[in-house]
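Read through the structure below, which is laid out as structure tokens, and then see the notes.
The values are calculated or read from the model by the stated rules, or taken from the named source; none is laboratory data. For clarity, every value in this text was computed on a predicted model and none was experimentally measured. Neighbour counts are summed over all protein chains in view; Cβ atoms, including those assigned to glycine, are modelled from backbone coordinates with ideal geometry. Quick note on the areas: whole protein, heavy atoms, side chains included, nothing else; ligands and nucleic acids left out. Shrake-Rupley method; radii C 1.70, N 1.55, O 1.52, S 1.80 Å.
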Amino acid sequence: MPPFRLPDHQHRLVSLADLLDEGPVAIIVVRGHWCHYCRVQVADLAAATGGALRLVFISAETHGPAAALRAEIGEEAIFLCDVGAGYLLSLGLAIWIDPSVARQVKAAGVDVPAYQSNSGWIVPIPAVFVVGQDGLIRLAHVDPDYRRRLDLRAALADLRPPPAAPPPTNPPPAAD
């Protein structure tokens with residue numbers, strides 16, 4: 001996973017390396033607090049991992065709007081603000097919204113530039129990356145159709161190693 005250093009909800013810089021020092025993480029890119037699908041996914045991911053995997057959410061929203069998402073799952077999740085969507089753009093995980101679409105979105109009550117404290121209409125593409133402590137991506141899900149989201153429960157089950165074979169109940173007879 002490409003490295004990053006982004007501010008958290010307390011405006012402290014958090015790096016991927018620091019997060020991985022504590023164990024594997026799930027990095028979740030969300031469009032914003034205004035996205036119903038993101039809100040559902042945030043709650044579902046928190047329930048799916050049961051604390052077994054650290055959740056790190058990245059959004060281009062500033063801390064105020066992102067607080068609404070963070071409040072939905074509690075203090076254990078980390079929400080990072082990708083100011084100007086620079087990190088997400090470098091990964092190809094954000095798009096500029098066409099002015100005609102932007103007018104429609106704003107008419108529906110969603111003011112993306114205001115939530116991001118800038119003048120651009122940049123929207124992240126939803127994504128989930130499960131990253132091992134070695135920094136390698138173990139699982140990736142990216143879909144420009146914001147309605148299709150990863151079922152993390154099933155994905156995590158696929159990542160678990162198969163259970164070890166049980167020990168034999170009767171030891172084999174000793175050889176002479």
Kindly provide the set of residues from region 93-107 that are over 21 Å from the mean Cα position of the chain (by Cα), assigned to a loop (DSSP other than H, G, I, E, B) and buried (at least 17 other Cβ atoms within 10 Å of the Cβ), ordered by number.
Ile97
Test Ile137 against the criterion of being open to solvent by less than 40 Å² (accessible area, probe 1.4 Å), closer than 13 Å to Ile27 by Cβ, out of contact with any helix residue (DSSP H, G or I) (no Cβ under 7 Å at 6 or more places or on another chain) and modelled with pLDDT of 85 or more, and give yes or no.
no
Return the total of residues in region 37-89 being in a loop (DSSP other than H, G, I, E, B), open to solvent by 10 Å² or more (accessible area, probe 1.4 Å) and modelled with pLDDT of 75 or more.
2
Ala26 vs (1) part of a loop (DSSP other than H, G, I, E, B); (2) touching a Leu at 6+ places or on another chain (Cβ under 8 Å); (3) at pLDDT 75 or above: all pass except (1)
Within region 108-124, restricting to residues that are β-branched (Val, Ile, Thr) and open to solvent by less than 20 Å² (accessible area, probe 1.4 Å), the one that is farthest from Val29 (Cα to Cα) is Val112
Considering residues of region 1-22 that are touching a residue at least 60 places away in the same chain (Cβ under 8 Å) and within 22 Å of Ala67 (Cβ to Cβ) only, the residue most open to solvent (accessible area, probe 1.4 Å):
His9
